[in-house]
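Notes follow the structure.
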Amino acid sequence: MSKKSFSNIIYKQHGPKPSDFLLDLRQQIVHPVASASQRQRSRRPRLKIKLNWHWPKWPRYRLTWKLRFPKLAWPKKRRRTWRFGRPQTLRPILSLVVVFLLLILPFKLIVYLQDLRGMRTRIVNASNDGLTDLKSAGQLLANRDFLSASQKFNQASDSFWQAQQDLRGVQSWLWQLALVVPTSQARLAASAPLITQAGDLSGQLGNDLTTVAKNITANLAAGDSILLARQLKIDSQQALDRSLVLNQVIDKINPASLPQGYRDQLVDWQDKLRLLSDSLRQLNYWSGVSLDLLGDKMDRRYLLVFQNNAEARASGGFVGSYALLDISRGRIKNLEIPKGGSYDTNGNLRRFVNPPSPLRLVDVYWKFWDANWWPDWPTSARQLAWFLQESNGPTVDGVIAITPDIAEDLLRLTGPIDLSASHGLIITADNFRLTVQDNVESKVSGQQQPKKIIGDLAAAILEKLPTVLADQHQAIELIKLLSQRINTRHILFYFNNPEIQAQWQQTGWSGQLEQLEPGQDYLQVVNTNIAGGKTDLRIRQTIEQQVEIQTDGSIINDVTIIREHTGEKHEGLYGVRNVNWLRLYVPLGSQLLSADGFSQPDSQFFQTIDPTAEDLPVLKNGEGLAVIDSNSGTWSYQELNRTVFANWSMVDPGQTARLHFRYKLPYNLLDDNQSGWLVKIRSFLGLGRFGRYRLMIDNQAGQPLSTWKVNWHWPLSWKLLWSSPPAIEPDQWQLNQLVDRQTVGLLFQINN
């Protein structure tokens, strides 16, 4: 027997027997793959040699042969292919899946959707409970009951959290399915997770706000401003983060999924929440910046000017007194109030400067106390700091202006201040103006140090204030009063740090004139009392503006300023003639058509110009280029990106002055997006043309509130489509007390 056959015999006797499974698997593989050794051999090129040789034909006697070699080439690599037959064992599983999809799943969906629809009552009830707690908490927070407010906010959060737990039993993918179900109940149920999450976050946010308010009042009472700023930075950051998350959740809620009565509330909630987030962002920023402003690491010095608004000036009032305020680590290190007031800077003035022309009625040179010449507070503040430095004074980190209204507010909190030992007076909020005014004006009292009473009064108020603020109600009242005064620009701040000043301007409280949009109307009436006593407290001012929109789209404004002197003759400082340099700030490029009703002081009372004095560019490039109307004597020039119309007004006690300006605006309503393909489309749709009018009216900083009356006139063929405020009609719109500024918008459809 050969060796090969012997090997086969041994294999059959001792080798493993192939199983049925292996045989079955081999049958399912159509093309088995060769072994590795076989694949390796298949790649080797084979050399085939063919030898042809033959005997040569006679009579040639030599042997010939020919050798041929084939071309060498590697074989192409074959792609491995595995092919299996369909296993018979998977068929029962597929059958079960089909039965589940066709029979069981629809019934399960119906049950879940019925649960979703049935959740409407539970969702609404949970939301109502939570909203009721939120409203109660908000009222308690407004009433400064921080403990009860915090408890209510926690209850609201718990109500919404419990609703979230009730909804966790429903599969998440069913919420998405309910969004496409055409029933309001199912869609409301689909929004339930977002609604309950928003409610829970609202309760937590309310608790954060309660913590902010509570810590503010507590730290105010302690008198530690640095600790207040640091704690406020932490608290406001937490509230800000929570409000941003809440914003994201609310934005995901589709108003269409809510009942009709809740949709407007959702939109209002979204608007208020965005406003709250912006406020918290500002609070967080300023709580951090205030550490620098309060001298946490480096002492700060500020120029504090007292603007007496009984004698009107562009930024609030006449600067009769000032102080140098040094702050170190949040505490007042030094408060220096010159006993002679602003006039103490006169003897040290190093430069002689020509004043604005109207001020030559009182002086030949420009001085520190007249430097707040512009209604734009940053411009006036920089000029005040410049004059202080040029009067041998220090440089400062900022300028702060306050009016006597702030002193009256503080006296209402502290109660009477007894100055009997030094001045023989008891100062209260009711007698402050008359008493202090009489002592300050040396012409009346004859004192050698007329401003000393201001320093003594300020020191007494600062000494008594921390005790008063220990009461939380008083601390909250102080915050409210300061907020109102900042809003009405009875308190003005300017910072030398450009970054901080830029951020401050974004708050709208910087006293800077707003940047006007193209085609926007604007009006501010600025009064400047020059040698007119303290009579502005007795002036009742009404501004009547008539807006005449012409058929061609041009606009003519007719403005009348009525100044009524309610004082009585010989009433001390209030019963004298009011002498006023009046300026109208209007859109740049406006053209004066006519003006009347003015009265000017006699020219003999004006000081002559010193030719050796210097002209500052801020004046030379403004009123220095003024054009004077030959008929009325009205000045027209450009300043602060506005056109200015200016003239004199004088009115005696018991008399009334009517000052009238008529001017044309530099733009046309019909020039705004009224050309090209847009006009053709509007004409094709029968919409005609549109005209948009916008007006901003601005009250003078620190002055008593004026009454504004605006009359509207437009062509009869024009149709008013929209207005803001919505109550505007063609006859009249009136504001009895304009606090700061007001904007108006009108949209017309033009049919002519």
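Between M298 and D158, the contour length at 0.36 nm per residue exceeds the Cα-Cα span by 45.8 nm. Relative to its residue count, segment 300-506 spans a Cα convex hull of 136 Å³ per residue. Modelled label positions at S717 and Q742, each set 7 Å beyond Cα in the direction of Cβ, lie 3.2 nm from each other.
Remark: segment 457-541 is approximated by an ellipsoid whose semi-axes, taken from the C-alpha gyration tensor as √(5λ), come to 31, 23, 14 Å, largest first. Can you figure out the FRET efficiency of K664 with D326, using R₀ = 56 Å and their beta-carbon distance, to the nearest 0.05? With R0 = 56 Å, the Cβ-Cβ based efficiency is 0.60.
Across segment 540-549, computed HN-Hα scalar couplings (Karplus, 6.51 cos²θ - 1.76 cosθ + 1.60, θ = phi - 60°) run 9, 10, 10, 10, 10, 10, 10, 9, 10, 8 Hz from first to last residue, x flagging Gly and Pro. Shown in residue order for segment 238-243 are the 3J(HN,Hα) couplings computed by the Karplus curve 6.51 cos²θ - 1.76 cosθ + 1.60 at θ = phi - 60°: 5, 5, 5, 4, 5, 5 Hz (x for Gly and Pro). Label reach from N497 (point 7 Å along Cα→C-beta): in segment 226-241, no amide nitrogen lies under 12 Å. With the simple model of a label 7 Å out from the Cα in the direction of the Cβ, E568 to V267 spans 5.7 nm. Hey, with R₀ at 45 Å, roughly what FRET efficiency would L227 and Q248 work out to, going by the Cβ-Cβ distance, to 0.05? It comes to 0.85. You can think of it this way: the chain between Q655 and T467 has 63.0 nm of extra reach, that is 0.36 nm per residue less the Cα-Cα gap.
Seen from a random direction on average, the alpha-carbon convex hull of segment 322-420 projects onto 8.7 square nanometres. Extension gain, R281 to S357, is 22.9 nm, computed as 0.36 nm per intervening residue step minus the present C-alpha separation.
What's the percent breakdown of Cα-Cα distances in segment 520-750 across 10 Å bins, shortest bin first? Result, from short to long distances: 7, 28, 31, 20, 9, 4, 1, 0 percent.
Note on S420 and L335: with the Förster distance fixed at 25 Å, the Cβ-Cβ geometry gives a FRET efficiency of about 0.70.
With a cut-off of 13 Å on the backbone N, no residue of segment 571-609 is near the modelled label site 7 Å out from E408 along Cα-Cβ.
In this structure, the pairs whose alpha-carbon distance is over 24 Å, taken from K233/K464; K452/K569; K297/K464; K451/K620; K297/K333; K367/K480, are K233/K464; K452/K569; K297/K464; K451/K620; K367/K480.
Among 519-532, 703-716, sorting by the average number of other beta carbon atoms lying within 10 angstrom of each residue, highest first, gives 519-532, 703-716.
Since every read-out is calculated from the coordinates, none of them should be taken as a lab result. This one's a predicted model, so the numbers in the text were calculated from it and none came from an experiment. Methodologically, a virtual Cβ is constructed for each residue, glycine included, from the backbone with ideal geometry; neighbour enumeration extends over all protein chains shown.
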